[in-house]
Amino acid sequence: MHDIHIIGGGLAGSEAAWQLANKGFRVRLSEMRGSGTMTPAHQTEGLAELVCSNSFRSDDAQNNAVGLLHQEMRDLGSLIMAEGDRHKVPAGSALAVDRDGFSDGVTAALTAHPNIEIVRERVDRLPEAGLTIIATGPLTAPGLAESIGIATGKDQLAFFDAIAPIVHRESIDMETAWFQSRWNKVGPGGTGKDYINCPMTKEQYLAFHAALLAGEKTEFREWENVPYFEGCMPVEVMAERGVDTLRFGPMKGVGLDDPRTGRWPYAVVQLRQDNASGTLWNMVGFQTKLKYADQVALFRTIPGLEKAEFARLGGLHRNTFIKSPELLDGELRLRSAPHIRFAGQITGCEGYVESSAIGLLAGRFAAAELAGETLAPPPREMALGALLSHITGEAEAETYQPMNVNFGLFPPIPGKTKKADRKQMYTGRAREAMQGWMAQSSLSPAS
Ligand SMILES: Cc1cc2nc3c(=O)[nH]c(=O)nc-3n(C[C@H](O)[C@H](O)[C@H](O)COP(=O)(O)OP(=O)(O)OC[C@H]3O[C@@H](n4cnc5c(N)ncnc54)[C@H](O)[C@@H]3O)c2cc1C
């Protein structure tokens, strides 16, 4: 017998299970991978698999909203952050992780927990009774998605989302490419030489841009006219916005000194380490819907990648989420069926860290409910509170879009302040608010 059923063993479901189990509640965690059903993006049966980049983004808790969210989650005993920290790889001031080590660590921790039963099964209908958390993510299997659509009375929404290619390190020509972080930035765990940079001259860049536009793309008629995630936009879609869009975006050369010329290149392709052993590197910002043959041909025109061997090519996938501001209450419960909570990306937050954070909150809210208590939502001054209130109330339901955590979701800092100071005012205020919330709610990582 279990106290709560969690459906989906991704980032959010794993975190929610951990939070509940540590409070002494028995969890049934249903995950369809391992039972014969995969999603279009996952490649393993591991829990909390990272489907695209291996980065949890900035780890700077003083100046960055997602770095602050990392810290708040650590303070609440997050399994995802603990395993992320345990399996980090160098990435400047970002927190990037060895994806296999990370997923294996989460799987092992949940498997070993006496209060968690992991069941490899696909769930095709919303349970009619019993406390439940739906954490099936942006690639929720169609049967359950349909059941959610029926229960909510809303049409599910579908998006494109894109994956960047991964290159074998040994196939990169380091006579042309070089190691350097932009501005030699040495962040937590970084060396100032965390990225591989492939430089382009103006002529090379213009030819590359033209070929990108001309390359054959995969067409998905059923999803035509559906907007992209801004943070995961295909490189060719960016290229269509103008000849310089990429050169001022992911391909910008500023702060990178080509050792062969002593100058910043006109444009650059950066690769970031993708596994702990440093054998795999992903092309930063190169999510794409180009056909595979065109990807290989085009990416091998990049200086340094002429002989690139690809561990994985880019691709496109669906993204499903509900209109949370209308459908969910402040504790992530479905208003029309309050025994059901939603967590993770299906609520319309965006990103690994945000999905995990909403899993953490769903777990804590459910644990309080099971204990016959009420947990006050975290204040909006906190990163967790800002994200939660975006999902459950602040955003317009009609125009609701997936959203990364950012200072724009926080209550504004009153008065005029310098931009640089403002970030620290947000994070300082958040830390104070968190202390107050934890004291008021008698919360601690262990309690
Ligand atoms: C292609 C793609 C690329 C992305 N790239 C990034 C990125 O680079 N960086 C980033 O920060 N975010 C990225 N995201 C967004 C998002 O942060 C991740 O998808 C994240 O994994 C969401 O966490 P989650 O727990 O909500 O869902 P998931 O991690 O996807 O977990 C959901 C789990 O539920 C399972 N499941 C689904 N349906 C059922 C069912 N009916 N029964 C049982 N189990 C089921 C799935 O197998 C999966 O394990 C990407 C999303 C997609 C789709």
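The values are calculated or read from the model by the stated rules, or taken from the named source; none is laboratory data. Keep in mind that what you see is a predicted model, and the values were worked out from it rather than measured. Note that we place each Cβ from the backbone using ideal geometry, even for glycine, and neighbour counts take in every protein chain shown. Just so you know, the surface numbers come from the protein's heavy atoms only, side chains and all, with ligands and any DNA or RNA stripped out. Shrake-Rupley method; radii C 1.70, N 1.55, O 1.52, S 1.80 Å.
Candidates T191, T201, T218: the one that is farther than 18 Å from F299 by Cβ, open to solvent by 30 Å² or more (accessible area, probe 1.4 Å) and out of contact with any Asp or Glu (no Cβ under 7 Å at 6 or more places or on another chain) is T191.
Once segment 296-318 is narrowed to residues that are open to solvent by less than 20 Å² (accessible area, probe 1.4 Å) and either away from the ligand (no atom under 16 Å from the Cβ) or of a type in the set (V, I, T) (or both), the residue that is farthest from Q270 (Cα to Cα) is L298. State which residue is farthest from F25 (Cα to Cα) when the search covers only segment 367-379 and only residues that are touching a residue at least 40 places away in the same chain (Cβ under 8 Å) and either in contact with a helix residue (DSSP H, G or I) (Cβ under 6 Å, 6 or more places away or on another chain) or assigned to a loop (DSSP other than H, G, I, E, B) (or both). Residue satisfying both the conditions and the ranking: P379. Of the residues L47, L11, the single one that is within 6 Å of the ligand (Cβ to nearest atom), under 15 Å from G101 (Cα atoms) and buried (at least 24 other Cβ atoms within 10 Å of the Cβ) is L11. Residues in segment 254-265 that are over 20 Å from T191 (Cβ atoms) and open to solvent by less than 30 Å² (accessible area, probe 1.4 Å): P265 only.
Counting only residues that are at negative phi and open to solvent by less than 20 Å² (accessible area, probe 1.4 Å), segment 64-93 holds 17 of them.
Of all residues in segment 333-351, those that are closer than 18 Å to M81 by Cα and touching a helix residue (DSSP H, G or I) at 6+ places or on another chain (Cβ under 6 Å) total 4. The residue pairs whose first member lies in segment 414-431 and is among the small types (G, A, S), whose second member is at pLDDT below 95 and surrounded by 12 or more Cβ atoms within 10 Å (Cβ to Cβ), and whose beta carbons are closer than 7 Å, counting only pairs six or more residues apart or on different chains, do not exist in this structure.
If you filter segment 114-139 down to residues that are part of a strand (DSSP E or B) and over 24 Å from the mean Cα position of the chain (by Cα), you find that the one that is nearest to the ligand (Cβ to nearest atom) is V119. Taken over segment 319-363, the criterion of being part of a helix (DSSP H, G or I), surrounded by fewer than 24 Cβ atoms within 10 Å (Cβ to Cβ) and charged (D, E, K, R) is satisfied by E326 alone.
Of the numbered criteria (1) more than 24 Å from C349 (Cβ to Cβ); (2) crowded, with 21+ Cβ neighbours inside 10 Å, the one I134 fails is (1). Out of (1) more than 11 Å from the ligand (Cβ to nearest atom); (2) open to solvent by 10 Å² or more (accessible area, probe 1.4 Å); (3) touching a strand residue (DSSP E or B) at 6+ places or on another chain (Cβ under 8 Å), the odd one out for S53 is which? The failed condition is (1).
Does V268 qualify as being of a type in the set (A, V, I, L, M), farther than 24 Å from S181 by Cβ and either at pLDDT 95 or above or open to solvent by 40 Å² or more (accessible area, probe 1.4 Å) (or both)? Criteria not met by V268.
Scanning segment 65-88 for residues that are touching a Lys or Arg at 6+ places or on another chain (Cβ under 7 Å) and over 17 Å from G359 (Cα atoms) yields a total of 0. Annotation: of all residues in segment 103-112 being touching a residue at least 40 places away in the same chain (Cβ under 8 Å) and crowded, with 19+ Cβ neighbours inside 10 Å, the one that is nearest to A17 (Cα to Cα) is L110.
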